[in-house]
Amino acid sequence: MRKNSIRLRIANNSKGEQVFKAIIAHPMETGRRKNLKNGQIIPADYIDEFRISIDGEIYFEVTLGEYVSKNPYLSFVFVKRVVEAQLIQINWVDNNEIETSYDFVVNYTPDRGFSFTGDKNGSELMQLLPQAGPVCKTKPPIAVD
């Protein structure tokens with residue numbers, strides 16, 4: 001997985017609850033570790049804020065910070081059931097104030113379970129490649145004068 005990519009799964013547990021599971025590819029560097037080759041400190045690079053919204057409503061929000069391990073794994077039970085055609089927005093901001101966001105639309109079939117495709121609002125990428133999957137947008141920090 002490349003940096004700032006995400007693997008996502010929604011599954012039903014034995015109690016019939018929907019469980020969200022995600023692995024985020026991210027180095028989660030604390031800024032305290034040295035590069036073994038040149039002895040220099042590796043700059044801090046970690047996810048600070050992580051949020052999941054469904055159809056514009058925030059479902060899950062957490063502050064991670066520098067002490068979370070590389071490629072963090074997150075899991076939680078949905079309070080409300082996720083249904084077909086809902087828009088799931090996942091975004092996070094790192095300590096360098098770079099925001100990364102993914103927009104998914106939920107698809108469900110009884111034989112295959114949950115799957116995810118493109119941007120609900122029909123981004124140019126999804127119009128060209130309907131099977132392209134999630135749309136990722138990384139925004140650099142905005143300079144304020």
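Listed values, structure above:
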quantity: Positions within segment 110-124 being farther than 17 Å from Phe20 by Cα, loosely packed, with under 14 Cβ neighbours inside 10 Å and either modelled with pLDDT of 60 or more or not polar (S, T, N, Q) (or both), in sequence order; calculated: Pro110, Asp111, Gly122, Glu124
quantity: Residue match in segment 36-50 (condition: within 13 Å of the chain's Cα centre (by Cα), of a type outside the set (D, E, K, R) and either assigned to a strand (DSSP E or B) or crowded, with 18+ Cβ neighbours inside 10 Å (or both)); calculated: yes
quantity: Residues within segment 51-63 that are in contact with a strand residue (DSSP E or B) (Cβ under 7 Å, 6 or more places away or on another chain) and outside any strand (DSSP E or B), tallied; calculated: 1
quantity: Residue check for Glu57: of a type outside the set (Lys, Arg), surrounded by 13 or more Cβ atoms within 10 Å (Cβ to Cβ) and more than 14 Å from the chain's Cα centre (by Cα); calculated: no
quantity: Some residue of segment 28-39 being under 24 Å from Thr117 (Cβ atoms) and either modelled with pLDDT under 90 or hydrophobic (A, V, I, L, M, F, W, C) (or both); calculated: no
quantity: Tally of residues being outside any strand (DSSP E or B) and closer than 30 Å to Ile42 by Cβ across segment 64-123; calculated: 13
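The values are calculated or read from the model by the stated rules, or taken from the named source; none is laboratory data. None of these values were measured; they are calculated from a predicted model. We place every Cβ from the backbone using ideal geometry, glycine too, and count neighbours over all the protein chains shown.
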